[in-house]
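Note sheet for the following structure.
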Amino acid sequence: MAAAVGVMVLCALLPARWMRWMNALGNRASMVIAPVKGPVWALVNWVSPVEAPKPEAIRMLEDERDRWKQLYNKAQLDLDDVRKKFEQISRGSLYPDLPVRQLPRQVIGLSVEAGGELEVRAGARDGVDTNVVATTEGVQLVGKVVRVASRSCWVRLLTDATAGTIDGVIMATDKDRGPTCKGLFPVAGHKLQTRVRVESGQKPPEAGQLVRLVDDRWPRNAQMLVIGAITDKPEPDSTGWYVVTVKPTVELERLSEVYLRIAVPEAEDKGPPPSTDGAKP
């Protein structure tokens with residue numbers, strides 16, 4: 001026992017890059033216990049549900065409504081960006097967005113490592129790689145994939161303390177955008193917070209308003225997804241800035257399924273079409 005404790009203390013003191021070789025062992029151990037973790041995680045969510053389930057018809061209509069809202073707001077963002085795209089065309093450097101394949105996969109538990117990460121039953125063999133965006137069935141942003149094994153991956157929640165900052169915009173209405181939220185950072189209670197400046201002609205932020213993603217550090221297909229809703233009534237400080245607290249619309253730590261948004265590469269050139277002059281191959 002003393003020797004085991006000594007080895008653990010020594011490993012804890014070593015630089016992290018010296019211990020990367022152990023990731024392979026951890027991935028294999030995770031693959032072995034994943035079939036057990038999945039049913040246990042589902043049982044926990046069944047015993048202690050987050051909220052009462054809604055009728056299937058109502059849930060489908062709400063999800064469809066939220067998807068159309070996200071598509072509309074993304075189209076508005078693309079219109080605002082049209083001048084930049086014309087400049088790229090003039091330089092011959094315009095790259096169209098790649099189509100996205102949404103891959104629904106089961107959450108099999110929380111990561112055993114420190115930090116807010118969900119372990120998902122999808123890996124490299126499914127086309128998942130790092131920085132793939134994870135969402136709920138609707139349009140709520142969950143986070144990014146940070147580690148990938150053959151059969152599983154780990155999604156770092158956007159509310160995790162190590163996730164860094166994220167930028168968004170407050171939606172004054174379903175269609176109209178309000179003040180921008182720069183540098184939303186995780187705080188206690190699985191929330192995000194930042195200071196917002198209200199420009200002339202803009203309405204102050206209010207509780208209940210949605211905040212959507214507008215951040216160049218995230219893929220184009222993730223823009224205008226929902227970061228969360230403002231929880232409390234923002235009050236201005238002595239400098240006139242508003243302190244805004246945002247919470248995701250669902251409990252990210254209790255999800256049983258996520259959707260992985262995987263970019264689909266464009267089809268490669270398959271060569272000229274076959275001849276139609278009647279010659280036999």
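Under a 5 Å amide H cut-off, with hydrogens placed 1.01 Å from N, Glu257 pairs with Val107 among residues at least 5 apart or on other chains. Here's how it looks for Thr245: its modeled amide H is under 5 Å from those of Thr231, Asp232, which are all 5 or more places away or on a different chain. With 20 Å as the limit on Cα-Cα distance, the pairs of Lys69/Lys175; Lys182/Lys203; Lys144/Lys247; Lys74/Lys175; Lys69/Lys233; Lys182/Lys233 that go past it are Lys69/Lys233. Extension gain for the segment Glu251 to Met1, taken as residue separation times 0.36 nm less the Cα-Cα distance, is 86.0 nm to one decimal.
Taking the Cα centre as origin and putting +1 on Lys and Arg beta-carbons and -1 on Asp and Glu beta-carbons, what dipole magnitude results for the range 166-253, to the nearest 20 debye?
Here the range 166-253 has a charge dipole of around 180 debye.
Computed from the C-beta positions of Lys233 and Tyr72, the FRET efficiency with R₀ = 30 Å rounds to 0.65.
Applying the Karplus relation 6.51 cos²θ - 1.76 cosθ + 1.60 with θ = phi - 60° to the range 156-162 yields 3J(HN,Hα) values of 7, 5, 5, 8, 6, 4, 9 Hz, where x marks Gly and Pro.
Across the range 227-238, computed HN-Hα scalar couplings (Karplus, 6.51 cos²θ - 1.76 cosθ + 1.60, θ = phi - 60°) run 7, x, 10, 5, 8, 10, 5, x, 10, x, 8, 5 Hz from first to last residue, x flagging Gly and Pro. Measuring how big the range 101-208 is from its alpha-carbon positions, Rg and Dmax come out at 16.4, 52 Å.
The Cα atoms of the range 147-273 define a convex hull whose projected area, averaged across directions, is 12.1 nm².
Every number in this text was worked out from the coordinates using simple rules, so none of it is lab data. The structure presented is a predicted model; accordingly, all values stated were derived computationally and were not measured. FYI the Cβ positions are ideal-geometry reconstructions off the backbone, even for glycines, and counts take in every protein chain you see.
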